[in-house]
1. If a residue has to be in a helix (DSSP H, G or I), at pLDDT 75 or above and surrounded by fewer than 10 Cβ atoms within 10 Å (Cβ to Cβ) to count, how many in the stretch 1-27 make the cut?
Amino acid sequence: AIPGVTKIKDGYNPATDNQQDLVNILGGMYDAVLFHGASNASAVQSIVSIERATFYRERAIGMYLPLPYAFAQVIRAR
C-alpha cells in the first residue's frame, strides 16, 4: 500500500492543493529527466567518438557502405 493513494481516490491530494505546488512538482520532474538525459549522453560520448573514427577510417578505404555498417551496429548492440 502506498501512503496517500486511498486519499487520492477521495479527491484529496496534498501535492496538488494549489497550482504552485503542482508547478514545483512538474519542474522537479523536468529537471530530473533533463539531468538523466545529459548524464547518459555524456557517458555514451566517448564510445560514439571511437566508433565514428573507426567508421571514417574503414569508409575511406572502401570497406563497406554506411547503411550496412549502421545495421551491423544495431545488431551488435543487442
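The values are calculated or read from the model by the stated rules, or taken from the named source; none is laboratory data. Note that the coordinates shown come from a computational prediction; the quantities given were computed from them, not determined experimentally. Every residue, glycine as well, gets a Cβ built from its backbone with ideal geometry; the counts of neighbours run over all protein chains shown. Just so you know, the surface numbers come from the protein's heavy atoms only, side chains and all, with ligands and any DNA or RNA stripped out. Shrake-Rupley method; radii C 1.70, N 1.55, O 1.52, S 1.80 Å.
1. Summing the residues that are in a helix (DSSP H, G or I), at pLDDT 75 or above and surrounded by fewer than 10 Cβ atoms within 10 Å (Cβ to Cβ) in the stretch 1-27 gives 2.
So that you can scan it fast, the table gives a plain yes or no per residue for (1) open to solvent by 80 Å² or more (accessible area, probe 1.4 Å); (2) in contact with a Pro (Cβ under 8 Å, 6 or more places away or on another chain); (3) part of a helix (DSSP H, G or I):
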{"position": "ASN40", "(1), (2), (3)": "yes, no, yes"}
{"position": "SER49", "(1), (2), (3)": "no, no, yes"}
{"position": "GLU58", "(1), (2), (3)": "no, no, yes"}
{"position": "MET63", "(1), (2), (3)": "yes, no, no"}
{"position": "ALA70", "(1), (2), (3)": "no, no, yes"}
